[in-house]
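Encoded as structure tokens, the structure appears first; notes follow it.
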Amino acid sequence: MASTSAITPVSVAVINRLKAVTAVTDRVPAARITDDAAARIAMPYILVQIPDESPNDTMGATEQPKWGQTVTVNVSVVSQYRGDADVGDIKSLILGALNGFDLVVSGFPSACIDARPSVTVTDTINGVTTRQLITPFEVMVHQ
């Protein structure tokens, strides 16, 4: 089996996992958990983006998991709530849903996910301060 990209399957797996966790969808409706940055949806919302992927292959027998990818997934909480409480509370729910979870990724029998340090950026949109708390996750998959 040859190595294949994990970008789409990882994106789908992360979005599906977030939508499956009631604590997350009680705070952010499933329709507002997306990978479409152009979507003009109500806030708060969760945006899933994948900025990079790199090979993570291992040496081994052909019948063993050998080909792998390390995928960076940025999971952002976007909110116009005053202060950091909203984005912080939602980030906590995202961590509970994803960090250390054995993610189910189509085409990859082995997958794990770990959070990396977050950053908050602000911008003014239509006169309202908008916060985007970006938490990168590292997803390692093998096939």
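For the reader, a short list of remarks on this structure follows.
- Shape category assigned to the stretch 1-48 from the gyration tensor of Cα positions, a/c cut at 1.5: oblate
- Folded to 0 to 90 degrees: helix 7-20 orientation relative to the chain principal axis, Cα: 50 degrees
- When the Gaussian network model of the chain links Cα atoms closer than 10 Å, the mean-square fluctuations of Val121, Val48, Val73 top out at Val121.
- The stretch 7-142: relative contact order in percent, alpha carbon pairs under 8 Å with at least 6 residues between: 26 percent
- Per-residue Cβ neighbour counts within 10 Å put Ile15, Ile7 in the sequence Ile7, Ile15, beginning with the fewest.
- Scaled radius of gyration (Cα, divided by 2.2 N^0.38 Å) that the stretch 1-136 gives: 1.15
- Amide H to amide H distances under 5 Å link Asp35 with Val48, where only residues 5 or more positions off or on other chains count and H is placed in the peptide plane.
- In Hz, Karplus ³J(HN,Hα) per residue of the stretch 119-126 (6.51, -1.76, 1.60; θ = phi - 60°; x = Gly, Pro): 9, 10, 10, 10, 8, 9, 10, 6
- Principal-axis tilt of helix 85-98 within the chain, Cα atoms, nearest 10 degrees: 20 degrees
- Arg82, Arg40, Arg27, Arg131 arranged by Cβ crowding within 10 Å, fewest neighbours leading: Arg40, Arg82, Arg27, Arg131
Coordinate-derived values only; no laboratory data. Computed from a predicted structure; not experimentally measured. All Cβ positions, even for glycine, are placed from backbone atoms using ideal geometry, and neighbour counts span all protein chains on display.
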